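Asker: Questions regarding the structure given below will be posed in turn.
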Amino acid sequence: MTGAKRSSRIPRTARIASSTDSADAGGTAVPADTEIATTPATPTPRSTYRHGDLRRALLDAGIELARDGGPDAVVLREATRRAGVVPNAAYRHFASRQDLLQAVRAAALAALAQAIEAELAALDESAPPADFARASLRAVGAGYMQFALAEPGLFRTAFSVPDELEGVPVPGKAGDSGLDPYQLLGAALDRMMAAGVLSTAHRPGAEYLAWSAVHGLSMLVIDGPLRMVATSPGQAHQIGQRLLDMVEKGLQAADVR
């Protein structure tokens, strides 16, 4: 999988892990760059709006609110204030606060997918299939955890609303590849199966195991008792690296029992 790197405007607080690291030794990480288009926080004069611009301005305002304060900060009144319009104007585009939150959540999932894609794009596609497959799985985990550290507000928002797993790609929640984060994980596992690294018998449900481990560590670091890890890039990287080792080897260990 190839792709051009994006320039990032997102400050990186700590690195949890890199997909380019080997299982035995740390290496140089490739940042999971991602970018979400935003508008300035200062109100925009109403005269600058053209047809179709207001919804984008409200969504951009909602994204910034989520970035700063998580899902609870996404409210229509504040979004309209930042967009420079009266509150009633928002209802033409978002019927309720929940509608705006869902749109912001979709944008956050798309940004998470882009972070994962950036890690995948850094992989050496000329590597042997088995090595490339393993690296792909690690890239998904690395991009996921790095995004959680860099954008905790958006990360919380991405998983703030109960949702069903999508059977088909949903463009609003997808990265440039057209896949959302869960589907990118599934594609990496399929690649492992195709390379003979993961057996077909143990492929079903493998997403749940890998996702639970990576998401669990991410939440413990940004909202739980491991918050101090986020302030120590070296420790964050080491713990994340060991978790990716455990996930990779654990999935393969099921095939040798």
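Asker: Between A187 and Y208, 0.36 nm times their residue separation minus their Cα-Cα distance comes to what?
Answerer: Contour length minus the Cα-Cα distance gives 6.2 nm.
Asker: Fewest to most neighbouring Cβ within 10 Å: what's the order for R156, R55?
Answerer: With the fewest neighbours first, R156, R55 line up as R55, R156.
Asker: How high is the FRET efficiency from L220 to R56, r the C-beta distance, R0 51 Å, rounded to 0.05?
Answerer: 0.90
Asker: Now for a separate question. Neighbour counts of other C-beta atoms within 10 Å: give me S126, S199, S177, S218 arranged from fewest to most.
Answerer: Exposure proxy ranking, most exposed first: S126, S199, S177, S218.
Asker: Oh, and also: Only counting other Cβ atoms within 10 Å, I'd like F147, F132 sorted with the fewest neighbours first.
Answerer: Arranged by neighbour count, lowest to highest, F147, F132 become F132, F147.
The numbers here are math on the coordinates, done by the rules we state, and not lab data. The model shown is predicted, which means the values in this text are computed figures rather than measured ones. Reconstructed Cβ throughout: ideal geometry from the backbone, glycine too, with neighbour counts over all protein chains shown.
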